[in-house]
């Protein structure tokens, strides 16, 4: 009885969380005139998706988002891994460097948006995916460094000691032992960085143009003077959360996996 | 030849804090040297300094006649077995063993031959393709040993390798390690806080405290003649009984007064310790030298039993007399009631005397 009650409570909580997402998905599948009806599925159509790609150039936006999010992680990851390792093992820069890394995450992005815009306009990096990638890499770097530092700290130092007495250099121990052992953490950090870039709106809006608009910017632009095109928005949102759902599945798998699985007792 | 020489090595953490202070020690080729001491005594730090994993702030370390003080760990040709085993979790048992040889560019067929040999010696053949996570603690321990053996290093360094095993396995591995050492014959430094491991495994043991060496010697020699109260108490469980004592010399006889134990010393001890008459001393007697039956030279005393541990092959009892608690290792059939008064006999032929202030043993010839 107790179990049944707690399950009932949990089911209710899940419904509360998941219902809006399901309703958005439902709205993306019904004709625009049915968007606000209370019927669950009056008729099913893919017209909203078709319109999004045919009329709104959503494919371009989607591709932009993917390019920028993936590239920013690829650029950041080696730097974040090495910095995080240095922080974790050698206490490079001491407490101050750690604090500065964390502090950079506390600045409101708006404070950086205008100076970045001025700087990038001078460099000709506005309205370019390169510019956006650089910004996202810069935003990701301290965040991923912080996360990876935690993962590296959890790896027993003896592993490197073993590798180094076995004949590896410090770099060799990092490359052949620490990195493979930290792989789950690096994957998880990469996915988090991807999500961060994928969802970013402010810089994409300020630095981007029509060709370089990312998914969040494109979705915002569906809010027109003729009202919100809710069926298109619903279709866009449904597509936008797709990579996040895949990422969430990934990250769960890697975060659950132990870090030093069986290397030390 | 692969002797290890430590010449006044120190590890200074700054602000006057030393992990290891001015330690000098010579370990001969093929010797099994045990570094023994309580946690924080610097034994692991010493081992890590030999391995090159810990910086040596002053002094010199040489291995096989070569000064390695400033060399990287990989240039010292030592193999370390860690307490945590530190197996590479992403590699199979075979790859774990291969790693060091790969780093040293050992020919591939030689690698395979050595892995096969080590696997046979250690009984690891069925597990060669498993990952460490799929092994038991004892098996991981063997892999860690195997990884060290296949490297064929000059020196084996083992940092409490048995402390994560259960008691039965620890006993087996102890014997196996000794057998392995005889077979391989390599200079070995073995760190432990377990006096049983030290006594049973070491050719010599080196007892450390607060970053310094207290005594070095063959196990039985150190056991029989501890240099001070620290060594005396650390090298046995229960620890050596210590009782404040004085000696009185009168008319050619020397009388001991140590709590409940009062009586004349046997002739040999009397001659030896007579000069210490009148000084503040500590009388030391090991638990097995408190007897239940009289013996020539043993001084009877009565005491009240306060605790009894029946271990099976023998019993440990704690008795109290004149405010002094004494432990005794007695026959398994000797089972007094708690609170009972018993007569015991202190075997003065095996007594020790220490200076009460410094804790140093009074000079004693063979």
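The values are calculated or read from the model by the stated rules, or taken from the named source; none is laboratory data. Bear in mind that the values here come from a model prediction, so they are computed numbers and not experimental data. Cβ: placed from backbone, ideal geometry, glycine included. Neighbour counts: every protein chain shown.
Quick look at the values:
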{"item": "Residue in region A:62-74 that is surrounded by 11 or more Cβ atoms within 10 Å (Cβ to Cβ) and farther than 30 Å from residue A:214 by Cα present", "result": "no"}
{"item": "Filter result (touching a helix residue (DSSP H, G or I) at 6+ places or on another chain (Cβ under 9 Å) and either crowded, with 20+ Cβ neighbours inside 10 Å or at the interface with another protein chain (Cβ under 7 Å from one of its Cβ atoms) (or both)) within region A:157-168", "result": "A:159, A:160, A:161, A:162, A:163, A:164, A:165, A:166, A:167, A:168"}
{"item": "Top-ranked residue in region B:284-311 [being within 25 Å of the chain's Cα centre (by Cα) and in a loop (DSSP other than H, G, I, E, B); ranked as nearest to residue B:350 (Cα to Cα)]", "result": "B:286"}
{"item": "Residue A:161 being more than 17 Å from residue A:67 (Cβ to Cβ), in contact with a strand residue (DSSP E or B) (Cβ under 9 Å, 6 or more places away or on another chain) and in a helix (DSSP H, G or I)", "result": "yes"}
{"item": "Region A:32-56, subset out of contact with any helix residue (DSSP H, G or I) (no Cβ under 6 Å at 6 or more places or on another chain), free of Cβ contacts under 8 Å to residues at least 24 places away in the same chain and not in a helix (DSSP H, G or I), residue surrounded by the most Cβ atoms within 10 Å (Cβ to Cβ)", "result": "A:45"}
{"item": "Selected residue [in the same structural domain as residue B:349 (by TED's automatic domain parsing) and either over 15 Å from residue B:353 (Cβ atoms) or surrounded by fewer than 20 Cβ atoms within 10 Å (Cβ to Cβ) (or both)] from B:271, B:258", "result": "B:271"}
{"item": "Residue list for region B:55-75, filter: surrounded by fewer than 22 Cβ atoms within 10 Å (Cβ to Cβ), free of Cβ contacts under 8 Å to residues at least 40 places away in the same chain, over 18 Å from residue A:177 (Cα atoms) and within 14 Å of chain A (Cβ to nearest Cβ)", "result": "B:71, B:75"}
{"item": "Of all residues making up region A:103-129, the number that are in a helix (DSSP H, G or I) and under 18 Å from the mean Cα position of the chain (by Cα)", "result": "2"}
{"item": "Test result for residue A:173, surrounded by 24 or more Cβ atoms within 10 Å (Cβ to Cβ), in contact with a helix residue (DSSP H, G or I) (Cβ under 9 Å, 6 or more places away or on another chain) and at the interface with chain B (Cβ under 10 Å from one of its Cβ atoms)", "result": "no"}
{"item": "Count of region B:99-136 residues which are within 14 Å of chain A (Cβ to nearest Cβ), assigned to a helix (DSSP H, G or I) and loosely packed, with under 13 Cβ neighbours inside 10 Å", "result": "0"}
{"item": "Subset of region B:35-52 (residues that are buried (at least 23 other Cβ atoms within 10 Å of the Cβ) and part of a loop (DSSP other than H, G, I, E, B))", "result": "B:37, B:41, B:42, B:52"}
{"item": "Verdict on residue A:153 being in contact (Cβ under 8 Å) with a residue 24 or more places away in the chain and within 14 Å of chain B (Cβ to nearest Cβ)", "result": "no"}
{"item": "Given (1) farther than 20 Å from residue A:242 by Cβ; (2) not assigned by TED's automatic domain parsing to the domain that holds residue A:219, number of the condition residue A:80 does not satisfy", "result": "(2)"}
{"item": "Residue that is outside any loop (DSSP other than H, G, I, E, B) and touching a residue at least 12 places away in the same chain (Cβ under 8 Å), where the choices are A:26, A:3", "result": "A:26"}
{"item": "Filter result (in contact with a strand residue (DSSP E or B) (Cβ under 7 Å, 6 or more places away or on another chain) and surrounded by fewer than 12 Cβ atoms within 10 Å (Cβ to Cβ)) within region B:342-359", "result": "B:343"}
